[in-house]
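The values are calculated or read from the model by the stated rules, or taken from the named source; none is laboratory data. Everything numeric in this text was worked out from a predicted model, so none of it was measured. All Cβ positions, glycine included, derive from the backbone under ideal geometry; neighbour counts span all protein chains shown.
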């Protein structure tokens, strides 16, 4: 199992949350806190979650990202997933509306 890290940085007016390792129940609280901070506590004009260095993602991770996507949509904040790995992108099934592909 790969150690999971959650890094947050800002590029111009875009907040990028970079995930590395296994995104699972063990790290979803940290992921959720980063998403809440980005959406509610930091002025952001766009939110990107970078899954390029994610090795696996389970249902809790997918659920957190889907919920964040819907919340961002309600707040009129563009939300995208940067997910070049087709196996990780497949976890989102028909929810590719969040740009599960390249950004």
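Filter the range 46-103 down to the residues that are at pLDDT 90 or above and part of a loop (DSSP other than H, G, I, E, B), then identify the one that is nearest to residue 19 (Cα to Cα).
Once the filter is applied, the top-ranked residue is 58.
Among the residues of the range 1-40, which ones are assigned to a loop (DSSP other than H, G, I, E, B) and over 17 Å from residue 78 (Cβ atoms)?
Hits for the range 1-40 are 1, 2, 3, 4, 24, 25, 26, 27.
Filtering the range 1-20 down to residues that are closer than 13 Å to residue 42 by Cβ, touching a residue at least 24 places away in the same chain (Cβ under 8 Å) and within 16 Å of the chain's Cα centre (by Cα), which residue is surrounded by the fewest Cβ atoms within 10 Å (Cβ to Cβ)?
Step by step, filter the range 1-20, then rank; the result is 10.
Name the single residue, out of those in the range 28-39 being within 19 Å of residue 57 (Cα to Cα) and in contact (Cβ under 8 Å) with a residue 24 or more places away in the chain, that is surrounded by the most Cβ atoms within 10 Å (Cβ to Cβ).
35
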